[in-house]
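See below for the structure under consideration.
The values are calculated or read from the model by the stated rules, or taken from the named source; none is laboratory data. Nothing here was measured: the structure is a model prediction, and the numbers come from that model. Positions of Cβ are generated from backbone atoms using ideal geometry, with glycine treated the same way; all protein chains shown enter the neighbour counts. With ligands, DNA and RNA removed, areas are computed over all heavy atoms of the protein, side chains included. Shrake-Rupley method; radii C 1.70, N 1.55, O 1.52, S 1.80 Å.
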Amino acid sequence: MEKKMDIQYRMAELTDLEEITALVRQAALEMSCRGIDQWDELYPTREDFEQDIRRRQMTVGTLAGRAAVIYTINGVCDPEYEGAAWKYPDKSCCILHRLCVNPLFQNRGIARQTMEHLERENAAKGVEAIRLDVFSRNSYALKLYRNCGFEKVGTVRWRKGLFYLMEKYLTNQ
């Protein structure tokens, strides 16, 4: 069992933008080295992060004063989500975007702990399900989401290839 890290979660601020952008750029390089050609100069962008921060939808988790993990959660989904066979179509839901662990902190259970945190936080707000899309060739993310109880409900094709649409019901949080 992974040791729980003392991650401090808070809403991201514009003063975090440089660190977040650098963190994601480094994570994209790490993914590319592992053969995961998911993120690049076209997505996600600094503007995506700035918009997430301004809308108060991005969370940053810090360890030892550094950004260890970021994620955005909101109700916004691409039109392609409409074609999925959602198991809980009539339940309140939120969409997880751009979960990213700082490469300096990877392989410590931070992503799993962050998923548990965001599931608890959203269940407490009355959200009943979380949805997301995951790049089909990102075996690390696929393993994380499956281990967290997410189920594949559909597929979509975007610029980088095939993505799986996944969903988890939160009633037992």
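Remarks
- Residues of the stretch 86-116 that are over 12 Å from the mean Cα position of the chain (by Cα) and open to solvent by 70 Å² or more (accessible area, probe 1.4 Å): 87, 89, 90, 91, 104, 107, 108.
- All of 53, 73, 110 fail the test of being of a type in the set (A, V, I, L, M, F, W, C) and closer than 19 Å to residue 170 by Cα, apart from 73.
- On inspection, residue 112 passes the criterion of being more than 22 Å from residue 45 (Cβ to Cβ) and touching a helix residue (DSSP H, G or I) at 6+ places or on another chain (Cβ under 9 Å).
- Contact map, the stretch 28-55: first residue over 18 Å from residue 106 (Cβ atoms) and at pLDDT 90 or above, second residue open to solvent by less than 30 Å² (accessible area, probe 1.4 Å) and among the charged types (D, E, K, R), Cβ cut-off under 8 Å, separation 6 or more or different chains; pairs are 53/16.
- The stretch 49-80, residues that are surrounded by fewer than 17 Cβ atoms within 10 Å (Cβ to Cβ) and either hydrophobic (A, V, I, L, M, F, W, C) or not in a strand (DSSP E or B) (or both): 50, 51, 54, 55, 56, 64, 65, 75, 76, 78, 79, 80
- Failed item in (1) touching a Lys or Arg at 6+ places or on another chain (Cβ under 9 Å); (2) over 30 Å from residue 64 (Cβ atoms), with residue 139 passing the rest: (2)
- Residue list for the stretch 81-119, filter: within 19 Å of residue 8 (Cβ to Cβ), outside any helix (DSSP H, G or I) and of a type in the set (A, V, I, L, M, F, W, C): 99, 100, 101
- Among the criteria (1) open to solvent by 30 Å² or more (accessible area, probe 1.4 Å); (2) assigned to a loop (DSSP other than H, G, I, E, B), the one residue 36 does not fulfil is (1).
- Filtered residues of the stretch 56-89 (kept if touching a residue at least 60 places away in the same chain (Cβ under 8 Å) and of a type in the set (Phe, Trp, Tyr)): 81, 86, 88
- A single member of 29, 42 is part of a loop (DSSP other than H, G, I, E, B) and either open to solvent by 80 Å² or more (accessible area, probe 1.4 Å) or more than 22 Å from residue 113 (Cβ to Cβ) (or both), and it is 42.
- Every residue from the stretch 128-173 that is among the acidic types (Asp, Glu) and either assigned to a strand (DSSP E or B) or buried (at least 20 other Cβ atoms within 10 Å of the Cβ) (or both): 133, 151, 167
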